[in-house]
Amino acid sequence: MRKVLALTLVVIAFCAVGVGLAATDLHTASRQVVFSNLSEYGDPSVLTDLSVHLRTQYDRHLFWETECEFENGTAQAQTEFSFSELERIENRASIPSGIELQTAISGCVGDLDEPQTGLAAAYQALYAQTPLGEERVQVVYLKDYYTYYPLSVHLDFPDYALMVDPMDTFRADEERQILQAFSDYFRIPVLPDTQMEISVSRDINGKSTGYGMGNFAGDDFYLWMESACTEDACYFTFDPHTAQGNLIDTNEIPDGYGIYRVMTAKNDTDMLAAVQELEMVYALNPENVFLALDITPSNDALLLHTVENGTYMITVIGIENMETLQRLEIMPWPEEYSWKVYVESDFLVVLWPGYSVVLLSRSEDGRFTLEFTAPLGIASDALQNCNTRTALIYNGEKLVFGDFLYQEELYGECCGFYLAVYDGEGLCYYGEYSSSLDDASMLLPYQDRCFPAEADPIAIEFKGERPAKT
């Protein structure tokens, strides 16, 4: 009954959109989405050759495919409506994450009557010292219990996945051997001054009632990696700096610090063989701050993002021979930042929400050119919520962002959208457009509103041909 009422409110709202729709029948109003200008900045003529495709849905049963073109900034929409009696669930395309290794300092404790290793040995010793019915707290140095940082492994390839850490004693032999092979290669000595607090509680019968850990002191190191994968290989690297910005010791990594390569696999046996052939294929300077590692959509080059002497750099590395193709000096690195990178087939965008946008084009010979760096202007708040769904397009002259609006009064995203257009002079147009699908949203519980489709909800294209880049 609740769903029927919600749907009725949605349809009533459609009928209330303007005099024109009020004069039409319910059959027409429930199918045609109407967009209205909420706000506008700049020259709307830049939208003349632009087309926006929007996919929205209600409760996975009602679906609207809407094509928007623009006349003097006004959205002219044409909608195709469909109904599915069965719930239609759309799955977003997933991108395998590749290789993720993490430091695995664990507070997990096994059978205290059995010999323990690592931090569990510290808990075992403290447990033996704790009187019945009491809790004891102790500060320990990690170096007293580990020589090298223990690792956990998460592998995610198109046809293979594995998650294993040192506490997984029930794992198959090959899975534990894969973990051991990674651990043997990435031997990173534990920092000498890292301390942590551990605690043990016992009841009056002598049984353990709890373990605790925390309150780190001194410097510390957390391993995090970035991967970029082709169909048959995974390239990855990590940041060799501690929490306090000091360098860790990478001298015991067999090939030194750099970008590493492991061939992908489809089963444990092949994966173990691949890890045993792990190699460093591109040396890096550990003094530089590592930011990210991307790959071009054509899988022909890696894009290494670093900060070198306070300057944001992009290094283009050819995958065929792992040689440097380009080194691009982008801009001084902001002290405070959150950033996002979008790599398309013929351009690359770096976005600092609240700060600026950088555009690099890629020509047919594979070389990147820095086209412009521009402040975000009044589009800054909208671009703050950019994500992997955000649509971007560049036609050799203008860069366009498009996504669904985020409205606080609706407690989140809605079916309206925005467009932000940049060129070499900066922001040349910004517009927000409300959707008739949201007209009933204030009357409905959040879960009963219309929403963007779950997969590929927005796309942008230029109707004219794109100028060729040489």
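Restricting to the stretch 189-206, name every residue that is crowded, with 20+ Cβ neighbours inside 10 Å and outside any strand (DSSP E or B). Scanning the stretch 189-206 gives V190, L191, T194. Give the residue that is surrounded by the most Cβ atoms within 10 Å (Cβ to Cβ), with candidates limited to residues of the stretch 440-457 that are aliphatic (A, V, I, L, M) and out of contact with any strand residue (DSSP E or B) (no Cβ under 7 Å at 6 or more places or on another chain). Ranking the candidates gives A440 first.
Summed over the stretch 231-248, the residues that are of a type outside the set (G, A, S) and crowded, with 16+ Cβ neighbours inside 10 Å give a count of 10.
Residue under question is A391, and the condition is that it be within 27 Å of A93 (Cα to Cα) and in contact with a strand residue (DSSP E or B) (Cβ under 7 Å, 6 or more places away or on another chain); does it hold?
Criteria met by A391.
For first residues located in the stretch 67-81 and in contact (Cβ under 8 Å) with a residue 60 or more places away in the chain, partners that are outside any strand (DSSP E or B) and not aliphatic (A, V, I, L, M) and lie 6+ apart or on another chain with Cβ distances below 7 Å form the pairs G73/P44. Just to be sure before I move on: is D43 modelled with pLDDT of 90 or more, acidic (D, E), surrounded by fewer than 15 Cβ atoms within 10 Å (Cβ to Cβ) and under 35 Å from the mean Cα position of the chain (by Cα) in the structure I sent? When the stated conditions are applied, D43 passes them.
The values are calculated or read from the model by the stated rules, or taken from the named source; none is laboratory data. None of the values given here were measured: they were computed from a predicted structure. No Cβ is skipped: glycine too gets one built from the backbone with ideal geometry, and neighbour counts run over all protein chains shown.
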